[in-house]
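Structure record follows, encoded as structure tokens.
Values quoted throughout were computed directly from the atomic coordinates according to the rules given, and no laboratory measurement underlies them. If you're wondering where the values come from, they're calculated on a predicted model, not measured in any experiment.
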Amino acid sequence: MMKNNKKLNIGISLRIVKAKNYEEKRDALSHDWPPLLEKINSNIIFIPNNLVNVENFLNDFNLDGIILSGGDNIGDDQERDKTENQILNFAIKNKIPLFGVCRGMQVINQYFGGSIIKNNNSSHVGIPHVVNLIHKNIMSILQINSLKVNSFHNNVITTSTLGKNIEPFAITNIDKTVEGFFHKNFPIVGVMWHPERNFNSDNQLIIEQIFSKKLFWNE
């Protein structure tokens with residue numbers, strides 16, 4: 001667990017929702033996220049989807065990490081797709097750790113030239129399952145070789161659809177799809193499960209290690 005008393009500044013992307021009875025779009029975030037980030041001693045910075053210049057906005061906050069949150073499919077809202085790609089550009093340019101959750105993991109994979117596959121059944125929708133950990137670093141840190149996770153997605157990533165320089169670290173025991181990966185050259189990690197919905201000590205440790213850039217990169 002993090003010992004440093006200095007709070008981290010963590011930016012997080014937002015989903016777009018249409019307000020009932022109003023002709024307007026609104027940015028939104030699950031209430032599960034702020035308590036999680038409080039537990040890892042972090043300030044949360046919401047990143048709007050209609051900024052004129054995302055880079056200028058992010059530059060003002062001295063970010064220690066960024067989260068691409070879940071919810072909705074790529075292509076549902078062009079504003080969000082564009083914003084999250086600009087966030088990725090910024091994170092890479094400034095070597096800021098970035099953590100993608102569910103949709104966020106899919107955005108990362110597409111950004112690096114990979115693809116996603118629509119699942120032909122509901123085996124991943126609302127069905128907790130076990131993922132096997134296949135990288136020595138995460139197994140050593142967690143002291144386990146598998147993890148039970150939640151599941152709320154109907155798009156999957158396979159080892160054959162991974163983006164360039166992306167390496168898997170968690171494979172589901174349901175159908176051998178990729179549920180966790182990291183980039184070999186940048187401090188970027190994605191998971192298909194939602195740590196904010198069933199927060200536990202394993203997920204907390206994973207997130208802390210990502211933002212410390214220690215999980216896979218040994219800094």
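Data table
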item: Whole-Hz ³J(HN,Hα) from phi, Karplus 6.51 cos²θ - 1.76 cosθ + 1.60, for the stretch 174-181, glycine and proline x; result: 6, 9, 6, 7, 7, 10, x, 8
item: Normalised per residue, the volume of the convex hull around the Cα set of the stretch 23-93 (Å³); result: 110 Å³
item: Normalised per residue, the volume of the convex hull around the Cα set of the stretch 20-138 (Å³); result: 181 Å³
item: For ASN155, distant residues with modelled amide H under 5 Å away; result: ASN119
item: Exceeding the 27 Å Cα-Cα cut-off - candidates LYS7/LYS214; LYS39/LYS95; LYS39/LYS148; LYS18/LYS148; LYS39/LYS214; LYS82/LYS136; result: LYS18/LYS148; LYS82/LYS136
item: Amide H within-cut-off set for SER146, under 5 Å, with H built and near neighbours excluded; result: LEU133
item: Kirkwood-type radius of the chain, with distances r between different C-alpha atoms, in Å; result: 17.5 Å
item: Value of relative contact order over the chain, rounded to a whole percent, pairs C-alpha under 8 Å and six or more apart; result: 19 percent
item: Amide proton proximity set for ARG15, modelled H, under 5 Å, gap of 5+; result: ALA28
item: Stretchable slack from SER140 to LYS39, in nm (0.36 nm times residue separation minus alpha-carbon distance); result: 34.1 nm
item: Fraction of antiparallel bridges per DSSP, the chain only, in percent to nearest 5; result: 60 percent
